[in-house]
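As structure tokens, the structure follows; a few thoughts come after it.
The values are calculated or read from the model by the stated rules, or taken from the named source; none is laboratory data. As the structure is a computational prediction, the values presented were derived from the model and not from experiment. Cβ placement follows ideal geometry from the backbone for every residue including glycine, while neighbour counts extend to all protein chains displayed.
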Amino acid sequence: MSFAVRSALLVTIFCAGAFVARAQEKPPNHFVSNDACKTCHPIAWNTFYRNAHFKSVASGKETPENTGCQGCHGPGGNHVDNHGGKSTIVAFSELPAERIVAACLRCHSQKLSRANIRSSQHTLNGMACTSCHSIHRAQSDRALLSKPQTALCEGCHTDVRVQFAMPFKHRVEEGAMSCTDCHNPHGTFAPTWGMASRPRHVDQAMANEEACLNCHADKRGPFIFEHLGARVDGCETCHTPHGSTNSRLLLRPVVFTLCLECHNGAGNFGRLGSGIAAQTQSHNMADPRYQNCTACHVRIHGSNASSTFAR
Amino acid sequence: MTMRITTRITILLFLIAGAAAAQVPVAPSPDPAGERTGENVSNYNIVDSFETGYRYSAVGGNDSQYRSSVNYGNGIRLLGSSLLVTSKNGHGLLFDQITLSTQGLGNDPYESVVLRVEKNRIYRYDMSWRQNDYFNPGLVTGGGDGQHLLDTQNRMQDHNLTLFPQSKLKFFLGFSNSSQTGPSYSSIQQFDPNGNIFPLFSNVRRVWREYRLGNEFQVFGIRVNWMHGWEDFKDDTGATLATAGVPGAIPIAQPPGVSLNSFQANDPTHGTNPFWRAAIFADRKFFHMNGRFTYSGGQHAFVVDESAQGVASSLSRIQNVVTLGDAERPVATGNLNLNFTPTSKLTIANSTSVYNVRTLGNSFFSEFDSATQTTSVLFYNYLGIRTVANDTNLNYQVSPLWGFMAGYHYSDRLITSQQQFTFAGATSGNLAEQSNQLQSGQTGVRFTPWKPLSVLLSAEVGTNSHPFTPTADGNFHDLNARIQYRAKTFQISASAGANYNANSASLTSYGSQSRTYSVSGHWTPHGSFTLDAGFNRAHTYTIGGIAYFLNQQFLQDQSSIYLSNINSIYAGVRYEIRKRIDLYAGYTRVQDLGDGRASADAGIGSAPPLFQGVQTFPIAFQSPMARVSVKINNRLRRNAGYQYYGYRSDFASLLGYRANTGYTSLSVSF
């Protein structure tokens with residue numbers, strides 16, 4: 001056999017093999033009716049009308065790839081033909097985090113509050129939507145959370161959880177407020193206080209103010225005399241937000257140490273860069289009246305009538 | 001067999017005695033009476049449950065401190081309720097879903113109602129209402145009780161209506177109303193800067209209202225969202241002398257012959273804060289972007305009318321102060337965030353933000369003092385802050401086994417300020433300008449060696465060229481590690497974090513270090529048993545240079561030290577007996593060990609006892625609780641619970657309290 005004949009024979013065998021292999025490939029996947037899904041998954045389907053995702057089913061206007069079971073799980077044809085199996089359908093329990101995020105954002109990127117999800121610390125640390133949300137076993141009627149919101153957040157942020165158990169704290173465990181009153185777990189725009197670096201995931205009040213002012217609006221001002229430390233670096237200059245062993249969530253148990261740590265006249269700091277004013281000679285720390293700074297400096301968050309916050 | 005039962009009982013008793021879940025109050029009960037099957041009415045399914053009962057408390061020790069940190073009282077409550085009405089085909093006449101939940105209605109210190117009503121594609125209405133009782137006994141300092149007492153009620157309500165929530169053209173309407181009302185106790189210093197301090201009584205009256213209007217639409221695949229809001233603020237709190245002629249509790253060494261016979265102050269402040277927010281965002285396969293611009297223009301107009309009459313230095317004194325003026329704070333921000341995802345494994349994110357705020361205004365201060373004659377001062381103040389920041393992050397999932405992220409942050413801040421005083425025709429003031437830059441790098445790596453197991457390690461190091469305050473971030477670094485094992489019935493996680501910050505200046509230096517370690521676990525071997533426990537240790541040590549006067553002598557070579565070692569433990573165990581009786585026991589304890597000293601007067605360093613005595617503040621706060629819930633039938637459940645709160649301050653024993661609280665209730669659900 002000549003080289004040409006052998007070559008032609010090899011090519012023919014290869015093409016035939018390829019044809020046979022192609023003929024043996026699975027047929028292309030296809031969409032099926034939702035009725036096919038509920039045959040085997042009746043529990044998931046029977047209460048699905050309570051699920052927020054039912055809205056697109058109810059509309060009757062969406063194509064199968066955008067609604068119902070297959071809107072998220074992909075075409076179910078192979079899954080039905082093979083009588084189930086995680087390998088024949090998009091099973092979220094088997095997907096890596098980045099693919100879960102991409103799958104959910106196909107629809108859920110259409111909201112401003114989720115605009116920063118891809119650069120959020122949660123996503124950067126490998127979390128997926130299903131780390132917090134459970135579509136079919138949600139324990140909250142809103143947002144389909146896998147646990148009540150506080151328990152969910154505290155499940156990972158255990159250091160914050162114990163702060164809410166301290167004697168002085170924001171009343172999160174008591175139900176007076178929730179984590180999302182201040183935080184956006186899907187990511188936020190850069191802080192508008194401090195150096196626009198930290199903290200992360202803290203939402204802003206009134207378009208661009210620190211989240212604390214959402215409730216503590218009387219501290220917002222504007223004041224003729226702002227307490228510059230708070231205005232420049234934020235409320236956490238003096239307070240710790242979650243919980244503390246100190247009253248009023250202050251960083252120190254007594255107020256005069258808190259004040260004196262900044263008001264020490266040390267160069268380089270403050271408005272003029274020459275130090276934050278130390279106390280004047282009239283103050284005698286041996287006298288208890290001067291140990292209660294806010295007994296005289298009553299408007300410590302800002303004043304309209306006194307540069308020393310005395311009225 | 002006997003041994004096994006004994007072992008089981010011992011373990012159970014140990015768990016019940018030693019532990020329970022976090023600081024969640026014992027009521028309302030978390031257990032529904034039966035399955036959430038609901039009742040079908042016409043085209044709707046209705047799921048409803050509510051719990052009503054009696055809550056009691058008996059407090060010993062410092063009642064004010066209890067009211068400040070716990071505050072549960074006696075009486076009948078609607079402890080909690082939830083209602084879910086859903087149309088079964090998504091085509092209800094007026095609505096498709098109503099979600100309502102309440103807590104503490106009746107007389108609990110924390111009451112809330114959250115409501116959502118929506119009709120698919122047409123509208124969504126969200127409402128929240130909250131009422132919190134706020135009590136603060138005043139700061140406790142080295143010299144005795146502070147005088148900023150508050151016994152107020154805060155009410156907040158938000159209403160948001162979204163029209164066509166599932167369409168590309170949406171409209172937003174919103175209204176918020178908040179108020180703070182109630183008595184408070186403050187103080188005023190008269191008649192000169194070294195004068196005495198007198199107690200004042202105030203009736204707090206503050207109201208905020210905010211109206212919002214917005215819209216969202218899509219152009220060329222880019223969503224545009226804008227909102228305009230108006231916020232009005234009113235503070236009509238005035239002050240009167242609490243007790244004529246009697247100085248407050250603070251001045252121990254009061255000047256002789258000083259008294260205040262009458263005092264009256266009215267200082268209404270009214271303001272408005274209109275704001276605009278416009279944003280664009282788009283999400284494509286390989287590219288995602290969003291941008292935002294905000295502007296708010298806060299304004300306040302104020303008047304202070306103050307009159308005082310008394311005696312100082314054996315002379316009759318009359319002092320009238322009138323202040324009026326206005327303040328403005330326009331704030332503008334801009335953000336641009338870009339995300340690239342060239343592959344599903346790689347994300348590159350860059351965000352740029354600009355923040356610009358100016359605070360300005362003037363205040364005319366006029367004082368008539370029978371001793372110092374008439375003075376008039378015009379204060380003029382300006383504060384400008386401009387911050388530009390850029391942040392770049394890269395996130396790469398190398399393989400299912402591991403991935404990493406890295407980031408760099410740079411920000412530049414310019415602070416411009418001026419304080420100007422015009423006094424008796426002469427003007428003085430100083431203009432200051434300073435800038436500082438922050439640079440930080442961030443990196444992290446995550447491992448998933450086994451599907452249920454994940455390990456996260458991250459670090460950040462940064463430096464600020466010119467911190468504004470001695471306690472701000474100067475040269476800092478953070479280290480964090482977390483390991484988590486998460487299976488269906490068992491979850492355990494441990495984390496460790498360390499934060500160091502050093503901030504030095506010519507006369508003083510500030511340094512802080514904090515370390516946190518925690519471990520927590522959650523075990524649910526089957527539906528009738530749950531164990532939840534955790535331990536956390538938080539160590540904080542700060543040292544900062546201080547300068548102060550002591551008996552006319554200026555001291556500036558000392559340090560203020562603060563040392564805190566907080567151990568926290570929580571644990572909870574829930575056991576269900578034959579799907580009928582639900583038992584829960586829990587324990588929480590927070591203890592700040594301080595630096596281990598037995599009394600306040602044995603401090604660190606050379607500072608006088610005043611400062612050594614406040615270097616640490618050991619306390620203990622604990623709260624054991626137990627609850628039993630008996631299912632009577634599928635609709636009814638009987639509950640009873642007990643919770644103890646105990647607070648102890650080692651160096652201020654008068655602050656301690658012991659509170660026995662509890663409740664009994666009936667849960668109804670269908």
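May I ask you to list the residues in segment B:257-279 that are of a type outside the set (Phe, Trp, Tyr), assigned to a strand (DSSP E or B) and facing another protein chain (nearest Cβ under 9 Å)? Listed by number, the residues that qualify are B:ALA265, B:THR269, B:GLY271, B:ARG277, B:ALA279.
Based on what the data block shows, is B:GLY497 buried (at least 17 other Cβ atoms within 10 Å of the Cβ), in contact (Cβ under 8 Å) with a residue 40 or more places away in the chain, within 30 Å of the chain's Cα centre (by Cα) and facing another protein chain (nearest Cβ under 10 Å)? So B:GLY497 does not fit the description; no. For segment A:218-227, a residue qualifies if it is within 7 Å of chain B (Cβ to nearest Cβ) and not charged (D, E, K, R), and the qualifying residues are A:GLY221, A:PRO222, A:PHE223, A:ILE224, A:PHE225. The residues of segment B:448-487 that are more than 8 Å from chain A (Cβ to nearest Cβ) and either buried (at least 21 other Cβ atoms within 10 Å of the Cβ) or of a type in the set (Phe, Trp, Tyr) (or both), listed by number, are B:TRP450, B:GLY474, B:PHE476, B:TYR485.
Close Cβ contacts (under 8 Å, 6 or more residues apart or on different chains) running from residues in segment B:107-129 that are over 21 Å from B:PRO28 (Cα atoms) to residues that are among the small types (Gly, Ala, Ser) and buried (at least 19 other Cβ atoms within 10 Å of the Cβ) comprise B:LYS119/B:GLY92; B:ASN120/A:ALA58; B:ASN120/B:GLY90. Among residues of segment B:191-242 being acidic (Asp, Glu) and under 18 Å from B:GLN157 (Cβ atoms), the one that is surrounded by the most Cβ atoms within 10 Å (Cβ to Cβ) is B:GLU231.
Taken over segment B:105-121, the criterion of being part of a strand (DSSP E or B) and closer than 26 Å to A:ARG50 by Cα is satisfied by B:SER112, B:VAL113, B:VAL114, B:LEU115, B:ARG116, B:VAL117, B:GLU118, B:LYS119.
Total residues in segment B:461-471 satisfying the condition of being out of contact with any helix residue (DSSP H, G or I) (no Cβ under 6 Å at 6 or more places or on another chain) and either in a loop (DSSP other than H, G, I, E, B) or under 19 Å from A:THR240 (Cβ atoms) (or both): the figure is 3. Of all residues in segment B:472-526, those that are of a type in the set (Gly, Ala, Ser) and outside any strand (DSSP E or B) total 5. Taking the numbered list (1) buried (at least 22 other Cβ atoms within 10 Å of the Cβ); (2) at pLDDT below 90 in turn, B:PRO608 passes all entries but (1).
For (1) touching a Ser or Thr at 6+ places or on another chain (Cβ under 7 Å); (2) of a type in the set (Asp, Glu); (3) modelled with pLDDT under 85, each residue gets a yes or a no:
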{"residue": "A:VAL202", "(1), (2), (3)": "yes, no, no"}
{"residue": "A:HIS216", "(1), (2), (3)": "no, no, no"}
{"residue": "A:ALA230", "(1), (2), (3)": "yes, no, no"}
{"residue": "A:GLY234", "(1), (2), (3)": "no, no, no"}
{"residue": "A:GLY243", "(1), (2), (3)": "no, no, no"}
{"residue": "A:GLU261", "(1), (2), (3)": "yes, yes, no"}
{"residue": "A:ILE276", "(1), (2), (3)": "yes, no, no"}
{"residue": "A:CYS293", "(1), (2), (3)": "no, no, no"}
{"residue": "A:HIS301", "(1), (2), (3)": "no, no, no"}
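Candidates in segment B:122-139 are the residues that are touching a His at 6+ places or on another chain (Cβ under 7 Å) and outside any strand (DSSP E or B); of these, the one that is surrounded by the fewest Cβ atoms within 10 Å (Cβ to Cβ) is B:LEU139. Kindly check whether there is at least one residue in segment A:73-91 that is under 30 Å from B:GLY444 (Cα atoms) and under 29 Å from the mean Cα position of the chain (by Cα). Yes, segment A:73-91 contains a residue that is under 30 Å from B:GLY444 (Cα atoms) and under 29 Å from the mean Cα position of the chain (by Cα).
Among the residues of segment B:467-490, which ones are charged (D, E, K, R) and over 17 Å from A:GLY194 (Cα atoms)?
B:ASP478, B:ARG482, B:ARG486, B:LYS488
From the list B:SER520, B:SER506, B:SER514, which one is of a type in the set (Ser, Thr, Tyr), surrounded by fewer than 16 Cβ atoms within 10 Å (Cβ to Cβ) and modelled with pLDDT under 95? Let's see the steps before the verdict.
Values: B:SER520 fails: surrounded by fewer than 16 Cβ atoms within 10 Å (Cβ to Cβ); B:SER514 fails: surrounded by fewer than 16 Cβ atoms within 10 Å (Cβ to Cβ).
Result of the check over B:SER520, B:SER506, B:SER514: B:SER506.
Only one of the listed residues (A:CYS262, A:CYS215) is buried (at least 23 other Cβ atoms within 10 Å of the Cβ) and either under 30 Å from B:ARG589 (Cα atoms) or touching a helix residue (DSSP H, G or I) at 6+ places or on another chain (Cβ under 7 Å) (or both). That residue is A:CYS262. If the requirement is being in contact with a strand residue (DSSP E or B) (Cβ under 8 Å, 6 or more places away or on another chain), in a loop (DSSP other than H, G, I, E, B) and closer than 30 Å to B:ARG413 by Cα, which of these qualifies: A:ALA176, A:ALA190? Just a single option satisfies the conditions, and that option is A:ALA190. Can you tell me which residue in segment A:198-217 is farthest from the other protein chains (Cβ to nearest Cβ), limited to those that are touching a strand residue (DSSP E or B) at 6+ places or on another chain (Cβ under 7 Å), touching a residue at least 24 places away in the same chain (Cβ under 8 Å) and part of a helix (DSSP H, G or I)? Step by step, filter segment A:198-217, then rank; the result is A:ALA211.
Looking at segment B:171-217, which of the residues that are over 30 Å from B:ARG124 (Cβ atoms) and among the hydrophobic types (A, V, I, L, M, F, W, C) is farthest from the chain's Cα centre (by Cα)?
The qualifying residue farthest from the chain's Cα centre (by Cα) is B:PHE191.
Take the residues in segment A:228-240 that are assigned to a loop (DSSP other than H, G, I, E, B) and surrounded by 20 or more Cβ atoms within 10 Å (Cβ to Cβ); name whichever of them is farthest from the chain's Cα centre (by Cα). Restricting to residues being assigned to a loop (DSSP other than H, G, I, E, B) and surrounded by 20 or more Cβ atoms within 10 Å (Cβ to Cβ), the top hit is A:CYS238. Kindly evaluate B:ASP235 against the criterion of being within 8 Å of another protein chain (Cβ to nearest Cβ), modelled with pLDDT under 95 and closer than 26 Å to B:ILE318 by Cβ. No; evaluated as a whole, the condition is false for this residue. For beta carbons closer than 7 Å, sequence separation of 6+ or different chains, a first residue in segment B:592-603 that is touching a residue at least 12 places away in the same chain (Cβ under 8 Å) and a second that is among the hydroxyl-bearing types (Ser, Thr, Tyr) and part of a loop (DSSP other than H, G, I, E, B), the qualifying pairs are B:ASP592/A:THR245; B:GLY594/B:THR616; B:ASP595/B:THR616; B:ARG597/B:THR616. Checking each residue in segment A:254-303 for being within 26 Å of B:LEU324 (Cα to Cα), under 37 Å from the mean Cα position of the chain (by Cα) and either part of a loop (DSSP other than H, G, I, E, B) or at the interface with chain B (Cβ under 7 Å from one of its Cβ atoms) (or both) picks out A:ARG271, A:THR294, A:VAL298, A:ARG299, A:ILE300, A:HIS301.
In segment B:592-607, is there at least one residue being facing chain A (nearest Cβ under 9 Å) and more than 30 Å from A:SER282 (Cβ to Cβ)? The answer is yes, given that some residue of segment B:592-607 is facing chain A (nearest Cβ under 9 Å) and more than 30 Å from A:SER282 (Cβ to Cβ). If I filter segment A:241-253 down to residues being at the interface with chain B (Cβ under 7 Å from one of its Cβ atoms) and in a helix (DSSP H, G or I), which single residue comes out as surrounded by the most Cβ atoms within 10 Å (Cβ to Cβ)? Once the filter is applied, the top-ranked residue is A:SER247.
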